[in-house]
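Visitor: Okay, handing you the structure first.
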Amino acid sequence: MGIAITKMSKNGQVVIPAEVREDAKLAPAEKFIVINKEGIIILKSMSRTATAQDFRLIEKILKSEKQIKEGKYVKANTKMSEKEIDKLLME
């Protein structure tokens, strides 16, 4: 995972540092979905298949956050595999 520091211009433009672009294999004119969740900004490169999956995942995350706030949650056993925990969380 590439991590770098950048800044926003007066015009709202943000440069994605070269090492991050190279690591993510981004090309000029790449399109992104921009998500703002309580001040956490996420850039996600677009593809039709991935975008549909991303929106389903976001819906599941929001549903999970709501259930946690309502006191509805499930405890994961630490001996469970990563796949088992993911399945438990995404149901």
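Visitor: What are the residues in the stretch 4-61 that are surrounded by 12 or more Cβ atoms within 10 Å (Cβ to Cβ) and of a type outside the set (A, V, I, L, M, F, W, C), if any?
Guide: 17, 21, 23, 30, 44, 45, 51, 54, 60
Visitor: Within the stretch 37-64, restricting attention to residues that are among the charged types (D, E, K, R) and in a strand (DSSP E or B), which residue is farthest from the chain's Cα centre (by Cα)?
Guide: Per the criteria, the residue is 37.
Visitor: Given (1) outside any loop (DSSP other than H, G, I, E, B); (2) within 25 Å of residue 6 (Cβ to Cβ), where does residue 26 come up short, assuming only one miss?
Guide: (1)
Visitor: Condition (residue is in a helix (DSSP H, G or I), loosely packed, with under 11 Cβ neighbours inside 10 Å and out of contact with any Asp or Glu (no Cβ under 7 Å at 6 or more places or on another chain)) applied to the stretch 80-91: is it met by at least one residue?
Guide: yes
Visitor: Among the numbered criteria (1) within 22 Å of residue 54 (Cβ to Cβ); (2) among the charged types (D, E, K, R); (3) part of a loop (DSSP other than H, G, I, E, B), which one does residue 10 miss?
Guide: (1)
Visitor: Does at least one position in the stretch 17-40 carry a residue that is touching a strand residue (DSSP E or B) at 6+ places or on another chain (Cβ under 9 Å), modelled with pLDDT of 85 or more and among the polar types (S, T, N, Q)?
Guide: yes
Visitor: Say whether the condition of being charged (D, E, K, R), under 28 Å from residue 20 (Cα atoms) and either out of contact with any helix residue (DSSP H, G or I) (no Cβ under 9 Å at 6 or more places or on another chain) or modelled with pLDDT under 80 (or both) is met by at least one residue in the stretch 60-81.
Guide: No, the stretch 60-81 contains no residue that is charged (D, E, K, R), under 28 Å from residue 20 (Cα atoms) and either out of contact with any helix residue (DSSP H, G or I) (no Cβ under 9 Å at 6 or more places or on another chain) or modelled with pLDDT under 80 (or both).
The values are calculated or read from the model by the stated rules, or taken from the named source; none is laboratory data. Computed from a predicted model, the values in this text were never measured in an experiment. With ideal geometry, Cβ positions are generated from the backbone for all residues, glycine too; neighbour counts draw on all protein chains shown.
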